[in-house]
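Undergrad: Got a structure for you, written out below as structure tokens; questions coming shortly.
The values are calculated or read from the model by the stated rules, or taken from the named source; none is laboratory data. Quick caveat: nothing in here was measured; it's all calculated off a predicted structure. Here Cβ is always computed from backbone atoms with ideal geometry, including for glycine, and neighbour counts include all displayed protein chains. Note: accessible area is taken over every heavy atom of the protein model, side chains too, but ligands, DNA and RNA are not part of it. Shrake-Rupley method; radii C 1.70, N 1.55, O 1.52, S 1.80 Å.
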Amino acid sequence: MLEKLIQLDVQLLVFLNGLGSATYDGLWLFITKQSNWTPFFLVLLYLVYKKIGIKSTLYLLLFVTLLLVVTDQTTNLFKVTFQRLRPCNNPEINSIIRLVKPSNSFSFFSGHAANSSATMTFLFLLLKKYYRFAFLLFLFPLIFAYSRIYLGLHYPLDIVTGYLFGSTFGFVTNKLYQKYILKNSRNS
């Protein structure tokens with residue numbers, strides 16, 4: 001069963017990665033770089049601040065920082081434990097896929113998917129009561145993580161696992177944040 005799942009995962013990667021074109025490589029290289037999303041994050045931070053104020057926003061930044069540290073380090077722990085070769089380093093397929101960006105680390109599971117879905121789940125749960133279109137936040141992790149398949153750095157299963165893991169951590173961290181904010185507002 002696991003072997004069949006991995007085979008389907010590789011086939012889906014080959015198909016999705018094969019949809020790429022040298023014309024768009026620069027765009028996807030831009031998309032995959034976290035620092036290029038800084039303006040987006042600053043707009044989100046402003047929207048959060050506008051609705052919850054400075055004190056709650058500072059606490060939010062603390063919780064998001066902790067969320068990212070835990071998610072990122074857990075992702076790294078999984079990578080060194082499972083040691084799944086990235087598609088770009090897999091000798092069975094690296095000659096048939098488009099290799100746009102090399103990487104020497106392991107593949108399972110995607111830190112890009114985990115971190116982005118964790119953060120956006122956390123923020124969505126906070127912002128959905130203030131903004132009708134808050135669900136659009138989930139476009140970011142979809143685009144951001146797909147860039148990893150496009151570039152030949154992750155398998156689809158790496159991405160899906162990262163999404164599930166990140167969303168779960170984002171949900172739990174949001175609940176802890178809400179509990180903390182509620183507790184502090186009672187004590188004020």
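Undergrad: Taking the criterion of being at pLDDT 95 or above, surrounded by fewer than 22 Cβ atoms within 10 Å (Cβ to Cβ) and out of contact with any Phe, Trp or Tyr (no Cβ under 9 Å at 6 or more places or on another chain), would at least one residue in the range 141-149 satisfy it?
TA: Yes, there is a match, as at least one residue in the range 141-149 is at pLDDT 95 or above, surrounded by fewer than 22 Cβ atoms within 10 Å (Cβ to Cβ) and out of contact with any Phe, Trp or Tyr (no Cβ under 9 Å at 6 or more places or on another chain).
Undergrad: Still on this structure: Report every pair of residues separated by at least 6 positions or lying on different chains whose Cβ atoms are under 7 Å apart, first residue within the range 1-25 and touching a residue at least 12 places away in the same chain (Cβ under 8 Å), second outside any helix (DSSP H, G or I) and open to solvent by 90 Å² or more (accessible area, probe 1.4 Å).
TA: Taking only residues 6 or more apart or on different chains, the pairs are VAL14/ILE96.
Undergrad: Out of the range 78-98, which residues are surrounded by fewer than 15 Cβ atoms within 10 Å (Cβ to Cβ) and either of a type outside the set (Ser, Thr, Tyr) or touching a Ser or Thr at 6+ places or on another chain (Cβ under 6 Å) (or both)? Give the steps one after another, and end with the answer.
TA: Here is the first cut: in the range 78-98, the ones surrounded by fewer than 15 Cβ atoms within 10 Å (Cβ to Cβ) are 80-83, 91-92, 95-96.
Listed by number, the residues that qualify are VAL80, PHE82, GLN83, PRO91, GLU92, ILE96.
Undergrad: Specify which of the listed residues (HIS154, HIS112) is in a helix (DSSP H, G or I) and in contact with a Lys or Arg (Cβ under 6 Å, 6 or more places away or on another chain). Outline the logic, then answer.
TA: Values: HIS154 fails: in a helix (DSSP H, G or I).
Among HIS154, HIS112, only HIS112 is in a helix (DSSP H, G or I) and in contact with a Lys or Arg (Cβ under 6 Å, 6 or more places away or on another chain).
Undergrad: Which members of the range 109-133 meet the condition of being at pLDDT 95 or above, under 13 Å from the mean Cα position of the chain (by Cα) and aromatic (Phe, Trp, Tyr)?
TA: PHE122
Undergrad: Six or more apart or on different chains, Cβ under 6 Å: which pairs go from a residue in the range 31-57 that's within 26 Å of ILE149 (Cα to Cα) to one that's in a helix (DSSP H, G or I) and not aromatic (Phe, Trp, Tyr)? Could you list them?
TA: Note: pairs meeting the criteria are ILE31/SER147; THR32/SER147.
Undergrad: Okay, moving on. Which condition does LEU45 not pass, out of (1) outside any loop (DSSP other than H, G, I, E, B); (2) closer than 26 Å to THR161 by Cβ; (3) of a type outside the set (D, E, K, R), if it passes all the others?
TA: With (1) outside any loop (DSSP other than H, G, I, E, B); (2) closer than 26 Å to THR161 by Cβ; (3) of a type outside the set (D, E, K, R) applied to LEU45, the lone miss is (2).
Undergrad: Now for a separate question. Identify, please: which residue in the range 129-140 is assigned to a loop (DSSP other than H, G, I, E, B) and open to solvent by less than 90 Å² (accessible area, probe 1.4 Å) and is, among those, farthest from ALA113 (Cα to Cα)? Outline the logic, then answer.
TA: Let us first name the residues in the range 129-140 that are assigned to a loop (DSSP other than H, G, I, E, B), namely 129-133.
Restricting the remaining residues to those that are open to solvent by less than 90 Å² (accessible area, probe 1.4 Å) gives 130-131.
Numbers: TYR130: 25, TYR131: 24 Å.
Checking each candidate, the answer is TYR130.
Undergrad: Just one of the numbered conditions (1) closer than 20 Å to GLY20 by Cα; (2) hydroxyl-bearing (Ser, Thr, Tyr); (3) buried (at least 20 other Cβ atoms within 10 Å of the Cβ) is not true of THR75; which one?
TA: Unmet condition: (1).
Undergrad: Sticking with this one: Could you list, ordered by first residue, the pairs with Cβ atoms under 8 Å in which the first is in the range 159-182 and more than 24 Å from ARG148 (Cα to Cα) and the second is open to solvent by 80 Å² or more (accessible area, probe 1.4 Å) and modelled with pLDDT of 95 or more, at least 6 apart or interchain?
TA: THR173/LEU66
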